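Each remark here refers to the structure printed beneath this line.
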Amino acid sequence: IMLADVLDRVHGSGVLHRDIKPSNIGYTADGVPKLLDFGLAAMLDSSKGPEAAAAVMPVDSVELAARFQGVRASSTLTITQQVVGTPLYLSPEALAGSPPQESFDLWSLHMVLYEAIAGRHPFAGRPVPEVVDAIQHTTVGDIRDVRPECPPAVAAYLNDALSRVAARRPATAGDARTALRALRARLS
């Protein structure tokens, strides 16, 4: 919930992080999570910078296979005029070449949440082209396949939040925060 709140404020200021992953989440001495490393950040609003309005080219799995043979999917990639980020956490929209948008970060945040609950990333251990293909063309498996004890309400939330159909996902970080708060209250 705290990171959804942070994202709400970051997005509200017109910034997209573009590389949310476990290693870019730190904690203060009193245990408050913090979003780190804004090195790949982009502007959301075209009036706030030239990069914000620029579309990128979609990623081709064959090209990725050739260019990143042996590269781990947990590595951060920058492909000029294409995609920026860590393949394991890239949204379907980012991989499709959409202009920077909030859904990029929301997908990544929910993938981190899935990984924290499941104990592993759903596409861990796969080469970059397979990860890209899985995100673009398959469904993230139900978390209860890995953690049967996961409450059905949490599994349902993650199934929606990690759907390839963007309309099923929270539209904003504020929406995600609200949904997560309601989920926490329901489970208490």
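The values are calculated or read from the model by the stated rules, or taken from the named source; none is laboratory data. From a predicted model like this one, the values you see are computed outputs, not experimental measurements. Here the Cβ is made from the backbone with ideal geometry for all residues, glycine too, and neighbour counts use every protein chain on show. For accessibility, only protein heavy atoms count, side chains too; no ligands or nucleic acids. Shrake-Rupley method; radii C 1.70, N 1.55, O 1.52, S 1.80 Å.
General remarks:
- Residue match in region 158-167 (condition: in contact with a helix residue (DSSP H, G or I) (Cβ under 8 Å, 6 or more places away or on another chain) and either at pLDDT below 95 or at positive phi (or both)): yes
- Qualifying residue in region 152-169 (condition: touching a residue at least 60 places away in the same chain (Cβ under 8 Å), closer than 30 Å to GLY14 by Cβ, part of a loop (DSSP other than H, G, I, E, B) and open to solvent by less than 60 Å² (accessible area, probe 1.4 Å)): yes
- Filter result (within 16 Å of LEU3 (Cβ to Cβ) and within 14 Å of the chain's Cα centre (by Cα)) within region 133-161: LEU158, ALA161
- You will find that of PHE123, PHE104, the residue that is open to solvent by less than 20 Å² (accessible area, probe 1.4 Å), under 18 Å from ILE20 (Cα atoms), under 15 Å from the mean Cα position of the chain (by Cα) and modelled with pLDDT under 95 is PHE123 and no other.
- The set of residues in region 170-184 being part of a helix (DSSP H, G or I) and more than 19 Å from ASP142 (Cβ to Cβ) consists of ALA173, GLY174, ASP175, ALA176, ARG177, THR178, ARG181, ALA182, ARG184.
- Taking the criterion of being in contact with a helix residue (DSSP H, G or I) (Cβ under 7 Å, 6 or more places away or on another chain) and among the small types (Gly, Ala, Ser), the only residue of region 12-28 that qualifies is GLY14.
- Residue in region 22-39 that is assigned to a loop (DSSP other than H, G, I, E, B) and at pLDDT below 85 present: yes
- Among the residues listed as THR138, THR172, the single one being surrounded by fewer than 18 Cβ atoms within 10 Å (Cβ to Cβ), more than 19 Å from LEU109 (Cβ to Cβ) and of a type in the set (S, T, N, Q): THR138
- In region 9-21, residue nearest to ARG177 (Cα to Cα) [restricted to those that are open to solvent by 50 Å² or more (accessible area, probe 1.4 Å) and part of a helix (DSSP H, G or I)]: ARG9
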